[in-house]
Amino acid sequence: MTGSALRVGIHDLAFATAHQVLDLGALAEHNGVDANKYYIGIGQTEMSVPAADEDIVTMGAQAAAQILERHGADGIRTLLFATESGIDQSKSAGVFVHSLLGMGENCRVVELKQACYSATAALQFALGIVARDPREKVLVIASDVARYALDSSGEPTQGAAAVAFLVTADPALVEIEPVTGLYTDDIADFWRPNYLSTALVDGKFSLAAYLRSLEGAWSEYRDRGGVGFDQIDRFCYHQPFTKMAVKAHDRLVTIAGAGLDREARRAQLDASLEMNRRTGNSYTASIYVGLLSLLEHDDADLAGRRIGFFSYGSGSVSEFFTGVVQPGYRAVLRVDADARALDDRAPIGFPRYRRLHQDVDAVAGEDYATAVETPGPFRFAGVSEHVRRYERTTHA
Ligand code: COA
């Protein structure tokens with residue numbers, strides 16, 4: 001091959017979350033613990049809580065609609081939907097989004113699953129498609145509602161959010177570099193059996209497994225010719241809760257022998273934690289919510305700077321890779337809209353949160369219609385004849 005290498009990566013990145021919020025202080029009060037255990041100890045202040053007519057499809061569609069509004073749907077021939085809170089065992093949630101957004105029929109649509117990792121699998125598959133034919137554009141959606149049993153230790157690490165990103169040649173936001181490090185390990189740290197709507201987790205074991213995977217993925221990344229730690233300016237981790245990213249970065253600094261003090265370590269990381277601290281865990285989306293948070297909240301000009309990504313999905317599969325922020329990236333961001341998506345959520349009290357949590361299981365297998373609650377552009381209208389029904393709202 002002659003000429004310069006094809007540059008591929010993330011051209012645009014959009015965010016959505018559920019339209020209600022629970023302050024974790026209310027959960028702390030219910031549990032009789034100091035709120036700082038959640039605010040500081042696990043690094044979460046709030047969690048987004050979906051209304052009965054919101055789910056992974058409505059959030060994913062709201063994120064993707066912003067991409068299509070700007071770029072149109074022309075040329076998007078692949079839609080990859082990453083989730084681990086799927087709403088059907090057979091049909092991709094992406095097909096519902098494809099329909100809600102009125103996308104063209106000449107499109108392949110598929111759902112990917114491997115716990116919180118699968119949006120990164122989608123990104124890598126998308127890069128491959130674009131590298132083979134630079135005319136291709138791939139829309140990736142990552143959308144999840146993190147749910148644990150009421151009164152379980154995982155309960156403060158619930159949440160909900162979605163991202164959508166467009167993968168193209170000559171990307172305007174972040175060029176993804178080719179070297180990656182991978183690590184797969186068959187373990188039972190976090191999983192959700194088919195008969196449960198809430199995840200099971202061995203919390204402390206999952207934290208240790210995450211750190212071991214980081215070590216394995218980083219090691220392979222370096223063996224395959226990845227750059228040294230000192231050539232990476234910022235870091236973006238999967239965030240089941242933001243303190244996990246802090247622990248991970250401390251571990252990476254140690255593994256890499258970087259010898260950075262606390263302030264220097266936090267400067268490489270902190271901006272990526274702002275949004276997740278408020279959405280709560282969004283499983284597949286969380287690392288890319290972290291990327292958006294980094295780009296929007298870091299005061300430095302990040303153009304030309306390299307970001308290190310660590311994506312982890314329990315069970316487990318993980319990957320370390322890097323990307324370079326593109327000149328002019330700030331013009332791509334939707335800073336005000338993303339702030340509004342968080343600030344404008346309706347605060348709910350603890351009883352309503354509990355009722356919504358319990359109601360998810362109450363109606364399985366029956367026809368039902370949901371009340372109109374979401375102020376968002378798309379809603380889940382209910383189930384009839386076992387088929388989930390979605391519709392645009394009057395806000396669309
Ligand atoms: N003020 C400040 N910090 C406090 C505190 C207070 N009043 N009380 C406790 N803490 C700190 C603890 O020291 C601890 O911090 P550390 O881990 O840095 O030592 C942190 O708060 C959590 O306390 P802990 O006792 O470990 O909480 P827990 O047993 O309730 O479990 C998780 C916390 C995160 C393990 C649990 O919520 C969980 O399992 N979540 C799901 C994890 C997950 O998603 N895993 C899969 C994907 S990786």
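Read-outs throughout are calculated quantities, based only on the coordinates presented, and are distinct from any laboratory measurement. These figures come from a predicted structure and were not determined experimentally. Virtual Cβ from ideal backbone geometry, glycine too; neighbours counted across all protein chains shown.
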Most positive-pole-ward Cα, Ser152, Ala169, His98, against dipole of the chain from beta carbon charges:
Ala169
Which of Gly365, Gly308, Gly104 ends up with the largest GNM mean-square fluctuation for the chain, with Cα atoms connected below 10 Å?
Gly365
For the chain the translational diffusion coefficient, Stokes-Einstein from a Kirkwood Rh over Cα pairs at 20 °C and viscosity 1.002 mPa s, in µm²/s, is roughly 102
Find, among the chymotrypsin sites (Phe, Trp or Tyr not before Pro) in the stretch 130-233, those assigned to loop by DSSP (not H, G, I, E, B) with at most 14 other beta-carbon atoms within 10 angstrom.
Tyr195
Between the stretch 1-74 and the stretch 243-261, how many Å separate their Cα centres?
25
Starting from the stretch 103-171, pick out the GluC sites (Glu not before Pro) whose DSSP state is loop and whose Cβ has at most 15 other Cβ atoms within 10 Å.
Glu105
From phi via Karplus (6.51, -1.76, 1.60), per-residue ³J(HN,Hα) for the stretch 167-178 in Hz, x at Gly/Pro
9, 9, 6, 6, x, 8, 10, 9, 7, 8, 7, x
Of Lys113/Lys243; Lys91/Lys247; Lys113/Lys137, pairs whose Cα-Cα distance is over 29 Å:
Lys91/Lys247
In whole Å, how far is the Cα centre of the stretch 170-218 from that of the stretch 106-162?
12
If each residue of separation counts as 0.36 nm, what is the full-extension length gain between Arg305 and Ala371 once their alpha-carbon separation is subtracted?
19.1 nm
Gaussian network model of the chain, Cα within-10 Å springs - most flexible of His238, His357, His71
His71
Amide proton proximity set for Tyr390, modelled H, under 5 Å, gap of 5+
Ala381
Both in Å, the radius of gyration and Dmax of the C-alpha trace of the stretch 59-114 are 11.0, 32
Relative to the present Cα-Cα distance, how much length would full extension add between Trp191 and Thr393 at 0.36 nm per residue of separation?
69.3 nm
Assigned charges on the beta-carbon of Lys, Arg, Asp, Glu; the chain dipole about Cα centre (debye):
400
May I ask you to derive the relative contact order of the stretch 176-329, considering only C-alpha pairs under 8 Å and at least 6 residues apart, and to give it as an integer percent?
34
With the chain treated as a Gaussian network of Cα nodes joined by springs under 10 Å, which of Ile348, Ile141, Ile287 yields the largest mean-square fluctuation?
Ile348
Do me a favour and compute the ellipsoid semi-axes for the stretch 176-329 from its Cα gyration tensor, root of five times each eigenvalue, largest one first, whole Å.
25, 18, 14
Antiparallel DSSP beta bridges within the stretch 1-139, as percent of all bridges there, nearest 5:
25
Going toward the positive end of the dipole of the stretch 176-329, with +1 on Lys and Arg Cβ and -1 on Asp and Glu Cβ, which of Tyr288, Gly315, Thr184 do you reach last?
Gly315
Most exposed to least, judged by fewest other Cβ atoms within 10 Å, Met244, Met275 sort to Met244, Met275
List the relative contact order of the chain as a percent without decimals, with contacts defined as Cα pairs under 8 Å and 6+ residues apart.
24
Globularity ratio of the stretch 127-208, using Cα Rg and 2.2 N^0.38 Å:
1.52
Set of aspartates and glutamates near Lys204 by C-alpha distance (under 14 Å), chain-local residues within fewer than 8 positions excluded
Asp189
